[in-house]
Amino acid sequence: GRSGSTMQRLCRFSGCKIEMGSDKRVVEIRGASAGRALARLCIDILLQQRNGGRLDCDWAAIEKRDDATTIDVPIAAVGFLMGSKGATLRDLESRHSVFMFFDNDTVRNREKRLYVLGTGSARADAAEECGRAIELKMSGNGQRVPSWQDYRAMQGEGGGGGGGDARRRDERERE
């Protein structure tokens, strides 16, 4: 990531120290056993995402982990949670010290499964915020589709979510 932002997020939520070798082919993970396993899983997922986006994971094994929570997200709300180029999801990850990713290959009942990895309280907080955002997105009632900035403003928080949302906000202000 930019300026090591991805590495910093991984360190923060796993509780491990993670260093990449100068040739970027070797990663050293130091910390508690559970944290190392979590960091390793997330690094594997990140590398798969960056090499074409398809994830080859044992989804059932991930769901059984003590440090994992799943959220079934209606297809209509997936893009809202992702944000422009994944910026909203990264914002949620940073603020809650979790790691989040979708199983993009499986759709059940017009929903995609979002996986949230991290400590119990961090996962619960992230899941709660995702739930509120999904409710907002799905409650459109024929009105203008809310942006992530609308959601954050309703929560009493600042911006976030990336430049794509700012462009849409500027367009709305001109209307």
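The values are calculated or read from the model by the stated rules, or taken from the named source; none is laboratory data. Quantities reported herein were computed from a predicted structural model and do not represent experimental measurements. All Cβ positions, glycine included, derive from the backbone under ideal geometry; neighbour counts span all protein chains shown. To get the accessible areas, we keep the full protein, side chains included, count just its heavy atoms, and leave off ligands, DNA and RNA. Shrake-Rupley method; radii C 1.70, N 1.55, O 1.52, S 1.80 Å.
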Of the conditions (1) surrounded by fewer than 17 Cβ atoms within 10 Å (Cβ to Cβ); (2) on the phi > 0 side of the Ramachandran plot; (3) not charged (D, E, K, R), the single one that residue 83 does not satisfy is (1)
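Scan region 29-50 for residues that are out of contact with any helix residue (DSSP H, G or I) (no Cβ under 8 Å at 6 or more places or on another chain) and open to solvent by less than 90 Å² (accessible area, probe 1.4 Å) and jot them down.
Just the residues of region 29-50 that are out of contact with any helix residue (DSSP H, G or I) (no Cβ under 8 Å at 6 or more places or on another chain), to begin with: 32-34, 37, 40, 44-45, 47-50.
Selection gives 32, 33, 34, 37, 44, 45, 48, 49.
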Every listed condition ((1) assigned to a helix (DSSP H, G or I); (2) of a type in the set (A, V, I, L, M); (3) in contact (Cβ under 8 Å) with a residue 40 or more places away in the chain; (4) closer than 21 Å to residue 124 by Cβ) holds for residue 73 save (1)
For region 10-29, the count of residues that are basic (Lys, Arg), assigned to a loop (DSSP other than H, G, I, E, B) and either at positive phi or in contact with a strand residue (DSSP E or B) (Cβ under 7 Å, 6 or more places away or on another chain) (or both) equals 1
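Here's the yes/no breakdown for (1) in contact with a Cys (Cβ under 8 Å, 6 or more places away or on another chain); (2) among the aromatic types (Phe, Trp, Tyr):
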{"residue": "31", "(1), (2)": "yes, no"}
{"residue": "42", "(1), (2)": "no, no"}
{"residue": "47", "(1), (2)": "no, no"}
{"residue": "52", "(1), (2)": "no, no"}
{"residue": "79", "(1), (2)": "no, no"}
{"residue": "89", "(1), (2)": "no, no"}
{"residue": "101", "(1), (2)": "no, yes"}
{"residue": "109", "(1), (2)": "no, no"}
{"residue": "118", "(1), (2)": "no, no"}
Being of a type in the set (A, V, I, L, M) and either within 30 Å of residue 109 (Cα to Cα) or within 19 Å of the chain's Cα centre (by Cα) (or both): is that true of residue 34 here?
no
> Within the bounds of region 116-137, is there any residue that is at pLDDT 90 or above, in contact with an Asp or Glu (Cβ under 6 Å, 6 or more places away or on another chain) and not polar (S, T, N, Q)?
Replying inline: yes
Counting only residues in region 1-28 that are over 18 Å from residue 50 (Cβ atoms) and open to solvent by 50 Å² or more (accessible area, probe 1.4 Å), the one modelled with the lowest pLDDT is identified as 22
